[in-house]
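The values are calculated or read from the model by the stated rules, or taken from the named source; none is laboratory data. Since the model is a prediction, treat every value here as computed from it, not as a measurement. For neighbour counting, all protein chains shown are included, and Cβ atoms are generated from backbone atoms with ideal geometry for every residue, glycine included. Please note that ligands, DNA and RNA were not included when accessible areas were found on the heavy atoms of the full protein model with its side chains. Shrake-Rupley method; radii C 1.70, N 1.55, O 1.52, S 1.80 Å.
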Protein chains: 2
Amino acid sequence: MTATPERSLPPTIFDVAKHARVAASSVSRVLNDHPDVSSSMREKVLAAAEELGYKPDFLAKSLRLGTTYSVGFVVRDISNPLFADIAKGAEDSLRHAGYSMILTNSEGSSELDAQYISLLRQRRVDALILAIESESHPATLEAMHLFPGPLVLLDREVPDLVASAVLSDHRSGVQDGVGHLLTLGHRRVGFVAGPVSIRVTRERRAGYVEAHERHEVAMQDELVRLGSYTWEYGYEQTLVLLDRAHPPTAIVAAGIQLVGGVLLALQERNITVGQDIALICCDEVDLMRVFNPPISAVTRDGYQLGACAAELLIEMLVNQAGPQVQHLPTTYVARGTSVPPVVREHMTDR
Amino acid sequence: MTATPERSLPPTIFDVAKHARVAASSVSRVLNDHPDVSSSMREKVLAAAEELGYKPDFLAKSLRLGTTYSVGFVVRDISNPLFADIAKGAEDSLRHAGYSMILTNSEGSSELDAQYISLLRQRRVDALILAIESESHPATLEAMHLFPGPLVLLDREVPDLVASAVLSDHRSGVQDGVGHLLTLGHRRVGFVAGPVSIRVTRERRAGYVEAHERHEVAMQDELVRLGSYTWEYGYEQTLVLLDRAHPPTAIVAAGIQLVGGVLLALQERNITVGQDIALICCDEVDLMRVFNPPISAVTRDGYQLGACAAELLIEMLVNQAGPQVQHLPTTYVARGTSVPPVVREHMTDR
């Protein structure tokens, strides 16, 4: 099997026009199913096109039909392990409906989010699924508003944008997890999370706050660390928490990208997870389940998230449905790191 | 900020032709920089285009110029954690050269690999980076051969295909790791890997074989399990190995997707990694470094792999360079799971 080089250029719309002895604009009108075309003109053009073997290519056809049966998925971070499941769920549903999916990865840069949304618009994808970096970045907002097709936001809230959304109920899962820690006797629960500028952080923090209220435990603001969803931030903020006069007896790593850094900081201080300190992670990777001991987590079904986003999109594309918002649950799974606090010297003064 | 609906249709090539009182084919020739165009014709057409505010759109421009400044990346499995680094490396280099990158994910389906290569061709991406599922699937081969632009294979070998390639030297890293286990006294090293139909498996197995030869240790074929790179396969084959009359004293999980299953099987049998059994994993995720104990690995630089693939592609796109093959190293990193064998009852008969 070898590539067939194109020796002569394929026939163009102008060749067809010449062959049919009509104007190129007439050929264009015929191929565009323009109503203002006589049937004799139509026959002449189609005959010429067939004789020359004229094949309007995919791009040209897209220009005419206005649909490309493809959907763009703009992702802020493909390295998030949950994303692979989300992408698989979206792709399976879209493929089933006859659409293909192409991805762009902006690695946490809002500027790139905006550029990729524009690129996908220029490539005439029919619709977008968006897991963007920021809900308020001006260029990203402008690019989303300019996009002519249906939009589905994944775990994001953008006021005034006409879009469907799939939202995870982070709040209830975190509330259950932190509630469990408080029930076990913890009174100082560290909370390390990303920026409040995105919904996921705000919801997780709300769950943390509500658990304290429900269990009538006073919250210590100094234990709440909100900054960024990175390994480095998890590492450095865990050290900050451990250096407090009254360090936490449990930590919530409120994002999968944080947990490695949290574990490294604990390892460096010779603090054994699930023994000296309790730990809950929001989201999970497979390895956490075979950790020694297995790590507790607030889990969600990434595949379902992606499939749900795709289905909302298909509803809008195929059935011209209006925008909808779907909520999906999270579940707290207690494992080996949901342990009671160790009574220490410095705890006796409480 | 709201979307601006297009109230009237933008001017077309035919409007420009009418306004300039020339044939549409002449407008096309001018816009295509065709050599056979008089300067008076060029001036007339460009003046008319400017007066009408004619803006050839992106797709139309792509049709003319034959370049879209975009590169497709066909990936068999975006859930492989190394892939995020590879994508970042490729994307950074491509962006620096003025190209954007779009991804497709085939989730281990060769059929989808073939479909996505065709889709990207139809979308006129200028070039492809390929980390395909199979090196011998007919439809994938045909799609690659039909693609008109430069190709770079990532850790794949496809005979007779004109393509550059970036290849990881899996062999030497595995040879070092298995060599270390043999030096520590292991004589029964289990080896669990994916299918021999892809290069990475063949190279890793070659490293395993060469380490035994070099250390003059007889290999036991029953300890070599080649099937698929999945969590399930790692789990089930570890159980098979543990059920042997003479089970291994060390295991090589020769793929990052296998290690979770291997660890789960060991956990279920109450076998403590880094104490009762040695373990080396090929490739790694961050969490492996904070495992208890940290897990030994044969590592490679995903970012460098991606950047190298992009650079080979840019050489071909921009400088019309011919296909090249680049080899990149792997490195064995001994951690807490590279321990000597435990002398057991059943080992005394050896």
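At a glance:
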read-out	value
Relative contact order computed over region A:69-119 (Cα-Cα under 8 Å; 6+ residues apart), in percent	51 percent
For region B:13-56, with +1 on Lys and Arg beta carbons and -1 on Asp and Glu, the positive-most of B:Ser38, B:His19, B:Leu52 along the dipole	B:His19
Net charge over other residues, Cβ less than 10 angstrom from the Cβ of A:Arg269 (K, R count +1; D, E count -1)	-3
Within a Gaussian network of chain B (alpha carbon springs, distance under 10 Å), most fluctuating of B:Pro150, B:Pro323, B:Pro159	B:Pro159
Antiparallel content of DSSP bridges confined to chain B, in %, to 5	10 percent
Centroid-to-centroid separation of region B:141-182 and region A:163-184 [C-alpha atoms, Å]	44 Å
Distance histogram for the protein assembly as shown (every C-alpha pair counted, 20 angstrom bins, percent rounded to whole numbers)	16, 42, 30, 11, 1
Heavy-atom accessible surface of region A:93-132: percent carbon and sulfur, 1.4 Å	44 percent
Euclidean distance of C-alpha centroids, region B:245-303 and region A:292-311, integer Å	24 Å
Taking the C-alpha atoms of region A:188-273, convex hull volume expressed per residue in Å³	85 Å³
Neighbourhood charge, 13 Å Cβ-Cβ cut-off, centred on B:Ala127 and excluding it, Lys, Arg +1 and Asp, Glu -1	0
Accessible area (Å², per residue) of region A:13-56, counting only protein heavy atoms and a probe of 1.4 Å	63 Å²
Options B:Leu184, B:Ala90, B:Ala211, ranked by Cα towards positive dipole end of the protein assembly as shown, top entry (Cβ charges)	B:Ala90
Per residue, in Å², the accessible surface of region B:104-205 once ligands and nucleic acids are set aside, probe 1.4 Å	30 Å²
Debye-sum result for region B:106-183 in log10 I(q)/I(0), which assumes one identical scatterer on each alpha carbon, at q = 0.19, 0.22, 0.24 Å⁻¹	-0.76, -0.95, -1.09
Solvent-accessible area buried by A and B, counting both chains, probe 1.4 angstrom, square angstrom	5000 Å²
Signed unit charges on C-beta, dipole axis of chain B, positive-most listed residue B:Ser109, B:Ile129, B:Asn319	B:Asn319
Accessible area, probe 1.4 Å, largest first, for residues A:Asp85, B:Asp126, A:Asp169, A:Asp160	A:Asp160, A:Asp85, A:Asp169, B:Asp126
Of all accessible heavy-atom area on region B:185-315, the percent that carbon and sulfur account for (1.4 Å)	46 percent
Dipole moment magnitude, nearest 20 debye, chain B about Cα centre, only Lys, Arg, Asp, Glu C-beta charged	620 debye
Viscosity 1.002 mPa s, 20 °C: Kirkwood-radius Stokes-Einstein D of chain A over Cα pairs, µm²/s	92 µm²/s
Teacher prompt: A:Val240 distances to equivalent labels in other copies, 7 Å Cα→Cβ, nm	5.0
Within chain A, longest stretch clear of exposed GluC sites (Glu not before Pro) (DSSP loop, no more than 11 other Cβ within 10 Å)	A:7-215
Heavy-atom accessible surface of region A:13-56: percent carbon and sulfur, 1.4 Å	48 percent
Pairwise FRET efficiency - A:Asp243 versus A:Ser136, Cβ, R0 = 25 Å, nearest 0.05	0.15
For region B:304-345: accessible area per residue (Å², 1.4 Å)	52 Å²
Helix-derived mean residue ellipticity, 222 nm - over chain A, DSSP H n ≥ 4, -39500 (n - 2.57), to 500	-13000 deg cm²/dmol
Shortest-first distances to equivalent copies, position A:Thr331, nm, label 7 Å out along Cβ	4.1
Nearest-0.05 FRET efficiency for B:Glu43 and A:Arg21, computed from C-beta distance (R0 25 Å)	0.30
